[in-house]
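See structure below.
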Amino acid sequence: MEQRIIGRTGRRVSVIGLGTWQLGADWGEVEEKDALALLDTAVEEGVTFFDTADVYGDGRSEQLIGAYLRERPDADVVVATKMGRRAALDPAHYTLDNFRAWTDRSRANLGTDRLDLVQLHCPPTPVYSSDAVFDALDTLVEEGRIAAYGVSVESCEEALTAIARPGTASVQIIFNVFRLKPIERVLPAAAEAGVGIIARVPLASGLLSGAYTKDTVFAADDHRTYNRHGESFDQGETFSGVDFATGVEAAVEFSALAPEGATPAQTALRWIIQQPGVTTVIPGARSPEQARANAAAAALAPLPEATLRAVREIYDGRIRAQVHHRW
């Protein structure tokens, strides 16, 4: 699989990574043996980048990844975790002492002395403008607790503020065919600054798989039920902030663009990784089969110009008015 350098870390990672929110059981229960099998399949398919967070299952996702990597010390995987969402979202909590405590917990969960990449987990907007916050992150690097740091953002403006910081290695942002705004300024700014871009929510919480209808029902403990309107966290994390019925209709149109032999989900991933400035994309998976299918998207031929134009037409016609001004 193609590997790209992730920003200022100097590390190479696969263009298709693995998001592991679901391993924390925040999308419904996942058995440990199934989680370990999924991670192993991803690695066997060439994936070298796992994205997790201390809040996924309150550390369960990190613990499962740590357990897997202890079994597979030969796996050359970069693990990016996130911190800050286990406490109340108050800028006053983003201190060096808290950063040390939070990263110590993640280091224990993952079974490592030094974390590869730590991202601030969608902090309050004022945090991005705090010199003290970024000085504290630099201190963590100097102390050897972390190798590099980045941010996971909700908006393009937050991304641009973070990219301007000289120590920021990466920015994680929602980016998919239903969320095109980062193309305008964020991707070019990141490329110019040498900052990696990690694309999350690439399938719009599964909408772009083409598997849902307007009557699809999700479990009560699935964020696609309990956060559909932003009840628990930012609405953009669920279906990319698109109204579900609108998203289903747009996904039907998008599905028709899939080239022969490719699924709509693979087409959506291929679209992302061929956008200039993107380093890696982190789809989730609930089974080894899904992980294998996601990884296979890296081998697809680049989508032709006609398909790229059609994606823009779907976005402009159905999605833009809903989401463009918000994120």
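Just need the relative contact order of segment 131-244 here, percent rounded to a whole number, with Cα pairs under 8 Å and 6+ apart. Display every interim value, and only then the final one.
On the way: 136 pairs, mean separation 23.1, N = 114.
Dividing the mean separation by the residue count of segment 131-244 yields 20 percent.
Could you work out [θ]222 nm for the chain from helices alone, using -39500 (n - 2.57) per DSSP H run of at least four and dividing by all its residues? Round to the nearest 500 deg cm²/dmol.
Numbers: 12 runs with 117 residues, N = 327.
That comes out to -10500 deg cm²/dmol.
Please state, rounded to one decimal and in Å, the Kirkwood hydrodynamic radius that segment 198-311 gives when every pair of distinct Cα atoms enters the mean of 1/r.
Details: mean 1/r = 0.0679 Å⁻¹.
Hydrodynamic radius (Kirkwood, Cα pairs) of segment 198-311 is 14.7 Å.
Please turn the phi angles of segment 100-107 into ³J(HN,Hα) values with the Karplus equation 6.51 cos²θ - 1.76 cosθ + 1.60 (θ = phi - 60°), one per residue in order, whole Hz, x for glycine and proline.
Residue by residue, segment 100-107 yields 4, 5, 5, 6, 4, 5, 5, 5 Hz.
Calculate how steeply helix 131-142 sits against the longest principal axis of the alpha-carbon atoms of the chain, using the helix alpha-carbon long axis, and give the answer as 0 to 90 degrees to the nearest 10.
70
Which cross-chain or sequence-distant (5 or more) residues have an amide H under 5 Å from the amide H of Leu115, H modelled 1.01 Å from N in plane?
Correct list: Ile146, Ala147.
Kindly provide the Kirkwood hydrodynamic radius of segment 181-250 in Å, to one decimal, from all pairs of distinct alpha carbon atoms.
Values: mean 1/r = 0.0738 Å⁻¹.
With all distinct Cα pairs of segment 181-250 included, I get 13.6 Å.
Please report Rg over Rh for segment 16-109, where both radii come from the alpha carbon positions and Rh follows the Kirkwood definition. Spell out each step's value before the answer.
Details: Rg = 13.8 Å, Rh = 13.8 Å.
Rounded to two decimals, Rg/Rh equals 1.00.
From zero outward in steps of 10 Å, how is the percent of C-alpha pairs of segment 1-63 spread across the bins?
22, 45, 28, 4
Any chance you could list P(r) for the chain, counting all Cα-Cα pairs in 20 angstrom bins from zero, rounded to whole %?
Bin by bin from 0 Å, the calculated values are 34, 61, 5.
Give me the angle, in degrees from 0 to 90, between the Cα long axis of helix 264-273 and the longest principal axis of the Cα atoms of the chain, rounded to the nearest 10.
Once rounded, the angle reads 50 degrees.
What is the angle, in °, between the Cα long axis of helix 32-44 and the longest principal axis of the Cα atoms in the chain? Nearest 10 is fine, range 0 to 90.
So the inclination is approximately 80 degrees.
Each residue of segment 316-327 in order: what ³J(HN,Hα) in whole Hz does its phi give by Karplus 6.51 cos²θ - 1.76 cosθ + 1.60, θ = phi - 60°, with x for Gly and Pro?
Per-residue couplings from phi come out as 5, x, 10, 10, 3, 5, 7, 10, 4, 6, 8, 10 Hz.
Write down the accessible area per residue of the chain in Å², having rolled a 1.4 Å probe over the full set of protein chains. Intermediate results must be reported in sequence, preceding the final value.
Numbers: 12880 Å² over 327 residues.
Accessible area per residue: 39 Å².
Answer rounded, prolate or oblate for segment 105-179, using the Cα gyration tensor with square roots of eigenvalues a ≥ b ≥ c: rounded when a/c is under 1.5, else prolate when a/b is larger than b/c, else oblate. Intermediate values should be presented prior to the final figure.
Values: a/c = 2.31, a/b = 1.44, b/c = 1.61.
Because a/c hits 1.5 or more and a/b fails to exceed b/c, segment 105-179 counts as oblate.
Express the relative contact order of the chain as a whole percentage, based on alpha carbon pairs under 8 Å and six or more residues apart in sequence.
Values: 645 pairs, mean separation 70.5, N = 327.
Here the relative contact order equals 22 percent.
Sort segment 87-212 into rounded, prolate or oblate with this rule: let a ≥ b ≥ c be the square roots of the eigenvalues of the Cα gyration tensor; rounded if a/c is under 1.5, and if a/c is not under 1.5, prolate when a/b is larger than b/c, oblate otherwise. Before the final figure, lay out each step's value.
Details: a/c = 1.87, a/b = 1.48, b/c = 1.26.
Here segment 87-212 falls in the prolate category.
In segment 168-243, what trypsin sites (Lys or Arg not before Pro) fall in a loop by DSSP, with at most 13 other Cβ atoms inside 10 Å? Present the calculation step by step, with values, prior to reporting the outcome.
Details: sites: Arg179, Arg185, Arg200, Lys214, Arg224, Arg228; in loops: Arg185, Lys214, Arg228.
Answer in residue order: Lys214.
Using a 1.4 Å probe over the heavy atoms of the protein chains, calculate the carbon and sulfur portion of the accessible area of the chain as a whole percent.
Answer for the chain is 49 percent, counting heavy atoms of protein chains only.
Longest exposed-loop-site-free stretch of the chain, with GluC sites (Glu not before Pro), DSSP loop and at most 15 other Cβ within 10 Å? Please report the intermediate quantities before stating the final value.
Details: sites that count: Glu2, Glu29, Glu31, Glu143, Glu184, Glu231, Glu260.
In the chain, the maximal stretch lacking such sites is 32-142.
When the Cα atoms of segment 89-145 are enclosed in a convex hull and the volume is divided per residue, what value in Å³ results? Walk me through the numbers before you get to the answer.
Numbers: hull volume 4.4 nm³, N = 57.
About 77 Å³ per residue, rounded to a whole number.
The values are calculated or read from the model by the stated rules, or taken from the named source; none is laboratory data. Since the structure is predicted, the reported quantities are computational estimates derived from the model, not experimental observations. Reconstructed Cβ throughout: ideal geometry from the backbone, glycine too, with neighbour counts over all protein chains shown. Side chains are part of the model used for accessible areas, which takes the heavy atoms of the whole protein and leaves out ligands, DNA and RNA. Shrake-Rupley method; radii C 1.70, N 1.55, O 1.52, S 1.80 Å.
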